[in-house]
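What follows draws every value from the coordinates through simple rules; no lab data is involved. Computed from a prediction, not measured in an experiment: that's the story for all the values here. FYI the Cβ positions are ideal-geometry reconstructions off the backbone, even for glycines, and counts take in every protein chain you see.
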Amino acid sequence: MAWVVDTCLLIDVGIADPAFGQSSAEFLVDHMQDGLTICPVTYVELAPVFGGDRAAEEQFLANVGVIWPEAWTLADSQEAHAAWARHVQQKRQRTAPKRPIADVLIGAFALRFQGLLTRNGADFRQRFPALVVAEPQVS
């Protein structure tokens, strides 16, 4: 079963980030044998990296080994609904992390896959305790 790749790892590779690019690329290669996919939200979040050029983005995803597209399901919506309701409640109590709704959607989507590959594991673990989260080692 495929791993869902969080947007941050793809941005690291796409822009050749000096701090994270190499470790993120190696991490993706290490998990490629299980399959890599993305949430539809990640596809949208990546648009600025490619100046809105869909063909360039899709070529990049193919080169990285990401299988795209993967459908959003009713179960994804239900998981995201519950997670966002919890987030807003925590925000009102001033205990919520400062992560955008995109993370809620990506985490909900990743629940039905092998897990999530990200550099922001703590954010996802807090919101989705049942989600398997893997993070690259940064040297």
Inset, instruction - Go ahead and run the numbers for FRET between TRP72 and GLN33, Cβ-Cβ distance against an R0 of 41 Å, rounding to 0.05. - result: 0.95
Legend entry - Relative contact order (percent, whole number), the chain, Cα cutoff 8 Å, 6+ residue spacing: 30
Inset, instruction - Give me THR7, THR118 ranked fewest to most by other Cβ atoms within 10 Å of their Cβ, as a rough exposure proxy. - result: THR7, THR118
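Based on other C-beta atoms within 10 Å, arrange SER24, SER77 from fewest to most. Write down the numbers at each step before the final one.
Values: SER24 26, SER77 13.
Fewest-to-most Cβ neighbours within 10 Å comes out as SER77, SER24.
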Legend entry - Point-to-point label distance, ALA62-ALA130, nm (Cα→Cβ direction, 7 Å offset): 3.6
Legend entry - GNM flexibility winner over the chain from PHE20, PHE50, PHE124 (Cα, springs under 10 Å): PHE50
Inset, instruction - Apply 1/(1 + (r/R0)^6) to the Cβ-Cβ distance of VAL138 and ARG92, taking R0 = 30 Å, and write down the FRET efficiency to the nearest 0.05. - result: 0.35
Legend entry - Share of alpha-carbon pairs per 5 Å distance bin for segment 30-81, given as whole %: 4, 17, 25, 22, 15, 13, 2
Inset, instruction - Compare PRO40, PRO18, PRO69 in a GNM of the chain, Cα atoms joined below 10 Å, and give the one with the largest fluctuation. - result: PRO18
Legend entry - Shape category assigned to segment 3-134 from the gyration tensor of Cα positions, a/c cut at 1.5: prolate
Inset, instruction - Starting at the first residue of segment 61-73, write each ³J(HN,Hα) from the Karplus equation 6.51 cos²θ - 1.76 cosθ + 1.60 with θ = phi - 60°, in whole Hz, x for Gly and Pro. - result: 4, 5, 5, 7, x, 8, 7, 9, x, 10, 6, 7, 10
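Calculate the dipole size of segment 6-139 relative to its Cα centre from +1 charges on Lys and Arg beta carbons and -1 charges on Asp and Glu beta carbons; express the result in debye to the nearest 20.
Values: 11 positive and 16 negative charges, 181 e Å.
So the magnitude is around 860 debye.
Assuming R0 = 41 Å, can you tell me the calculated FRET efficiency for the pair HIS81 and GLN22, based on Cβ-Cβ distance, to the nearest 0.05?
Computed FRET efficiency for HIS81 and GLN22: 0.65.
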Legend entry - Residue among ILE106, ILE38, ILE67 with the largest mean-square fluctuation in a Gaussian network model of the chain, springs linking Cα atoms under 10 Å: ILE67
Legend entry - For segment 6-55, the Rg and Dmax computed from alpha carbons only, in angstrom: 11.2, 30
